[in-house]
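Quick notes on the structure that follows.
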Amino acid sequence: MLGWDHPDVDSGRIASCQSLSGSGALRLLGEFILQFSPGPMWISKPTWSNHIPVFKDKLGFDVKEYRYYKAETRGLDFEGMMEDLAQAEPGSWVLLHTCAHNPTGVDLSID
């Protein structure tokens, strides 16, 4: 993942875990969070149909939704997203979709 020559590889601060598919990874992540730092999980609206059931129904998270897609512009609703996430209390978690992993086709930019 980082390469054997990366300076942090032998630091004892890196861990990884293999999972089966994205849903399996979310389940493992949720289990880890619940063990060490439980808090509300903010999930984009829209998201994939399995995300809320994994976190809410299977793991018992308090799931909150934040705006992500703006139909009028067919793009990111950045203002709505920031407004919603400003309501997140300390200890909250935010599920952000990485490139090409969200159902809208709209990716966050580096900017």
Taking the Cα centre of the chain as the origin and placing charges on Cβ (Lys, Arg +1; Asp, Glu -1), which of Trp93, Met82, Val54 is farthest toward the positive end of the dipole?
-> Val54
At q = 0.14, 0.15, 0.16, 0.22 Å⁻¹, what is the base-10 log of I(q)/I(0) for the chain according to the Debye formula with one equal point scatterer per Cα and no solvent? Please give it to two decimals.
-> -0.69, -0.77, -0.86, -1.25
In degrees, nearest 10, range 0 to 90: what is the angle between the Cα axis of helix 21-36 and the longest Cα principal axis of the chain?
-> 80 degrees
Treating cross-link reach as a plain straight distance, find the aspartates and glutamates whose alpha-carbon is under 14 Å from the alpha-carbon of Lys45, omitting any fewer than eight places away in the same chain.
-> Glu65, Asp77, Glu79, Glu83, Asp84, Asp107
Final fewest-first order of Ser109, Ser92 on the 10 Å Cβ neighbour count is Ser109, Ser92
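No value in this document is a laboratory result; all are computed from the given coordinates. In this text, all values refer to a predicted model and were calculated from it rather than measured experimentally. When we count neighbours, we look across all protein chains shown, and the Cβ atoms used for this are built from the backbone with ideal geometry, even at glycine.
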